[in-house]
1. Considering only the range 136-155, how many residues are within 27 Å of residue 224 (Cβ to Cβ), outside any loop (DSSP other than H, G, I, E, B) and within 14 Å of the ligand (Cβ to nearest atom)?
2. Does residue 247 count as in the same structural domain as residue 116 (by TED's automatic domain parsing), under 23 Å from residue 409 (Cα atoms) and either within 15 Å of the ligand (Cβ to nearest atom) or within 18 Å of the chain's Cα centre (by Cα) (or both)?
3. Can you confirm whether the range 217-227 contains a residue that is away from the ligand (no atom under 16 Å from the Cβ) and surrounded by 24 or more Cβ atoms within 10 Å (Cβ to Cβ)?
4. Answer with yes or no whether residue 208 is within 16 Å of the ligand (Cβ to nearest atom) and in contact (Cβ under 8 Å) with a residue 40 or more places away in the chain.
5. Out of the residues in the range 360-417 that are polar (S, T, N, Q) and touching an Asp or Glu at 6+ places or on another chain (Cβ under 7 Å), state the one that is nearest to residue 28 (Cα to Cα).
6. Given the conditions (1) touching a residue at least 40 places away in the same chain (Cβ under 8 Å); (2) aromatic (Phe, Trp, Tyr); (3) out of contact with any Ser or Thr (no Cβ under 9 Å at 6 or more places or on another chain), which single one is not true for residue 230?
7. Picking from 85, 95, which residue would you name as being without any contact (Cβ under 8 Å) to a residue 12 or more places away in the chain, more than 16 Å from the ligand (Cβ to nearest atom), farther than 30 Å from residue 435 by Cα and polar (S, T, N, Q)?
Amino acid sequence: PDQPMTTQEVVEWTKKLNYGTWRYQKSWNPMHIVDAEGCYFTDANGKRYLDFSAQLMCSNLGHKNAAVIKAIADQAQKLAYIMPSYATDARVELSRLLLEVLPEGITKFFFTTSGTEANEAAFKIARMYTGKTKIIARYRSYHGSTMASIAATGDPRRWAMEPGGKGQGFLFAPEVNCYKCPIKHTYPECGIACADYLEHMIENESDVAAVIVEPVVGTNGVLVPPKEYFPKLREICDRRGVLLIADEVMSGWGRTGEWFAVDHWGVKPDILVTAKGITSAYVPLGLCATTGKIAEYFEDHFFAHGHTYEAHPITLAPAVAAIREMQRLNLINRAKEVGAYLGEKLKALKPKHPSIGEVRGLGMFWAIELVRDQEKKTPFNTKQDKVDGKATVVDQVAAEMLKRGVSIQAWISHFVIAPPLIIEKAEIDTAVDALDQALAIADKAL
Ligand code: PMP
């Protein structure tokens with residue numbers, strides 16, 4: 001058709017021809033987004049939305065960053081694609097830059113096009129390297145959507161793939177959640193019993209290759225572990241000869257106020273997985289990065305893995321530009337400072353709203369967990385409500401926020417708040433005011 005489509009047509013065709021992810025198709029009613037700038041995106045009616053969750057794509061730099069856009073264009077002009085078996089300037093430049101920002105000792109890189117694929121690579125590398133099979137993950141975690149990465153996922157998104165034992169080789173330890181400890185302890189008297197529990201699992205299982213954790217849990221509610229947890233987990237993995245995989249797909253790239261969340265505790269994983277913020281969301285790029293020791297093993301052992309789009313130049317060049325922009329704009333410090341401001345503003349909501357159970361986070365990475373009863377910490381919704389596709393109270397609050405021009409991500413009983421790292425304090429004020437108003441819906445539903 002020569003005529004531009006109306007918004008109604010764009011939405012109808014989208015629903016007719018495409019799958020909407022993680023939902024009943026009937027309930028999908030996507031907004032038609034046509035433009036974006038900085039921390040805002042704009043729908044076809046010209047209404048602007050402040051992106052208070054950065055769409056969970058972890059766009060640190062926001063939209064229309066000139067340097068990243070130029071890097072994409074320049075690379076497309078120069079060398080748009082090439083088989084990954086050839087050497088390219090883009091891969092070397094990015095790899096050398098990674099040595100500057102990744103935890104020390106992580107020195108060999110495999111580039112994918114998503115966080116999911118990067119986790120798949122991590123599982124295969126861990127299995128090939130150790131000669132063992134089992135991977136211990138934790139509940140309230142997300143590691144991806146493909147068969148192995150969903151099997152490692154400790155939340156309801158895994159359930160549809162459970163029958164038939166498809167998730168073989170993945171075991172779950174309790175999540176680390178000091179607000180509502182699943183093993184009923186209280187910090188700090190607990191002595192980090194959750195880490196002991198994990199060690200107990202390793203001790204009583206045969207064939208454990210690795211433990212995979214999100215150092216700060218992302219979509220499942222920004223769960224920040226107590227400071228003793230990671231050093232203790234590192235020590236357990238070393239003592240038991242098990243690899244530690246840090247999934248920093250969400251917590252990486254300055255989100256928590258350090259380049260990577262593990263940097264808060266000075267812990268070095270054996271494998272670090274990341275994606276999203278590595279290109280500030282501009283192009284699809286994932287990374288599975290290992291220690292030199294693991295890399296050495298593959299010098300004379302077959303590395304049985306690869307993709308057509310692995311290390312694709314158009315994904316690598318903008319990552320170089322995005323990381324340099326983060327350095328130039330000093331965004332790690334900004335995440336710390338402006339993030340602390342964001343945290344204070346969010347915490348100030350709690351005394352005003354009986355529906356808020358906890359406000360928690362680190363850097364520019366926060367969650368608000370809603371409860372029916374602050375004392376008993378009863379969640380507003382169950383996981384089953386989500387799987388059944390019910391419009392939960394958090395969904396209703398998020399819809400009200402959209403009406404007020406702020407986009408915020410809701411999941412089961414909490415919101416994840418993770419704006420672009422360039423967000424200004426005045427924009428935070430506007431968004432938190434909107435949230436203050438919208439939370440009346442949850443308070444009323446008590
Ligand atoms: N791990 C974590 C911690 C994530 O948050 C995600 C995505 N939300 C993934 C893995 C999967 O990444 P992708 O969607 O890029 O495949």
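The values are calculated or read from the model by the stated rules, or taken from the named source; none is laboratory data. The model shown is predicted, which means the values in this text are computed figures rather than measured ones. Note that each Cβ is placed from the backbone with ideal geometry, even for glycine, and that neighbours are counted across all protein chains shown.
1. Within the range 136-155, the subset within 27 Å of residue 224 (Cβ to Cβ) is 136-145, 148-155.
Subsequent filtering for residues that are outside any loop (DSSP other than H, G, I, E, B) retains 136-138, 148-151.
Now restrict to residues that are within 14 Å of the ligand (Cβ to nearest atom): 137-138, 148-151.
Qualifying residue count for the region: 6.
2. Numbers: in the same structural domain as residue 116 (by TED's automatic domain parsing): yes; under 23 Å from residue 409 (Cα atoms): yes; either within 15 Å of the ligand (Cβ to nearest atom) or within 18 Å of the chain's Cα centre (by Cα) (or both): yes.
Yes.
3. Going through the range 217-227, the residues away from the ligand (no atom under 16 Å from the Cβ) turn out to be 226-227.
Now restrict to residues that are surrounded by 24 or more Cβ atoms within 10 Å (Cβ to Cβ): none.
Checked against the condition, which is being away from the ligand (no atom under 16 Å from the Cβ) and surrounded by 24 or more Cβ atoms within 10 Å (Cβ to Cβ), the range 217-227 yields no hits at all.
4. Details: within 16 Å of the ligand (Cβ to nearest atom): no; in contact (Cβ under 8 Å) with a residue 40 or more places away in the chain: yes.
Here the answer is no, as residue 208 does not meet what is asked.
5. Within the range 360-417, the first condition is being polar (S, T, N, Q), and the residues that meet it are 374, 378, 381-382, 384, 392, 396, 407, 409, 413.
In the following step, the residues that additionally are touching an Asp or Glu at 6+ places or on another chain (Cβ under 7 Å) were identified as 392, 407, 413.
On the way: 392: 15, 407: 16, 413: 20 Å.
Taking the candidates together, the pick is 392.
6. Condition (1) is where residue 230 drops out.
7. Working: 95 fails: without any contact (Cβ under 8 Å) to a residue 12 or more places away in the chain.
85 is the lone residue from the list that is without any contact (Cβ under 8 Å) to a residue 12 or more places away in the chain, more than 16 Å from the ligand (Cβ to nearest atom), farther than 30 Å from residue 435 by Cα and polar (S, T, N, Q).
Conditions tested, residue by residue: (1) closer than 30 Å to residue 308 by Cβ; (2) hydroxyl-bearing (Ser, Thr, Tyr); (3) part of a helix (DSSP H, G or I).
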position: 34; (1), (2), (3): no, no, no
position: 50; (1), (2), (3): no, no, no
position: 71; (1), (2), (3): yes, no, yes
position: 82; (1), (2), (3): yes, no, no
